[in-house]
Amino acid sequence: MMLELQERVTELENWKDGKGLIIYGAGNTFCSGSDLNVVKAISNSQDGMNMCMFMQNTLTRLMRLPLITVALVQGKAIGGGAELTTACDYRLMTPGSEIRFVHKLMGLVPGWGGGARLVQIVGSRAALQLLTGATRVDPERALHLGLSEETLSSSDEAGALEEARTWLSQYTEGPASVIRAAKEMVAVGRELLLEAALRTEKDIFGTLWGGPANLQALARRSKHK
């Protein structure tokens, strides 16, 4: 799964016209994290660190994609699966689903960047509770914490995916160049210090000013309502 995820991220980095992405699992499980047989096989410290760095790199690249990303959580998102949800911009949950950081039960803490991202999403107090309590986060609590955007009405895969597509479409409507630039601007604002973020925002703005989307909008002489 780790190698396949890295390959998919590489493909998405080369998808120049994309605007949105929905990540979802098969059947009734979003993602249950690492295969325990694999974990046992690489239980020495150096192999564990190599896996940690590999997955940190993969999920950081996923987070930085110039796409609006959604984790559609059906069933369980556990351990590394919970970390994967935090690499997406938004999380949507279906009835009966859960997100759970079970690392403590394995004698670990998150190592794929999920801990740091969780703090950014829900704040340090809530993140500490979720990590040290290995708490099952159902859709209602996820909404309360700000970990989820919405609880979908459908539990079946096809219905939930269609709902997720409809939800995502409100943010991906419009020229790809503008949507991608907005995502890039938010990413640098999150990761860079203010002065560097301001310089990057100026550069991104410059790529759009006088560009096709800007000129088409001016030609329409549309007013904001």
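The values are calculated or read from the model by the stated rules, or taken from the named source; none is laboratory data. Just so you know, these numbers come straight off a predicted model, no measurement behind them. Every residue, glycine as well, gets a Cβ built from its backbone with ideal geometry; the counts of neighbours run over all protein chains shown. The protein model used for the area step is the full one, side chains on, heavy atoms only, and it has no ligands, DNA or RNA in it. Shrake-Rupley method; radii C 1.70, N 1.55, O 1.52, S 1.80 Å.
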Ala160 fails exactly one of (1) under 16 Å from Tyr24 (Cα atoms); (2) open to solvent by 50 Å² or more (accessible area, probe 1.4 Å); (3) part of a helix (DSSP H, G or I), namely (2)
Within region 147-157, the residues that are open to solvent by less than 30 Å² (accessible area, probe 1.4 Å) and within 16 Å of the chain's Cα centre (by Cα) are Leu147, Ser148
Subset of region 173-188, residues in a helix (DSSP H, G or I), open to solvent by 50 Å² or more (accessible area, probe 1.4 Å) and not hydroxyl-bearing (Ser, Thr, Tyr), comes to Val178, Glu184, Met185, Val186
When every residue in region 97-146 that is open to solvent by 30 Å² or more (accessible area, probe 1.4 Å) and of a type in the set (S, T, N, Q) is compared, the one nearest to Asn57 (Cα to Cα) is Gln120
Okay, helices (runs of 4 or more DSSP H) sitting entirely in region 83-152 with 1 or more residues that are in contact (Cβ under 8 Å) with a residue 40 or more places away in the chain, I get 114-122, 139-145
Taking region 67-95 and keeping residues more than 10 Å from the chain's Cα centre (by Cα), open to solvent by 10 Å² or more (accessible area, probe 1.4 Å) and among the aliphatic types (A, V, I, L, M) leaves Ile78
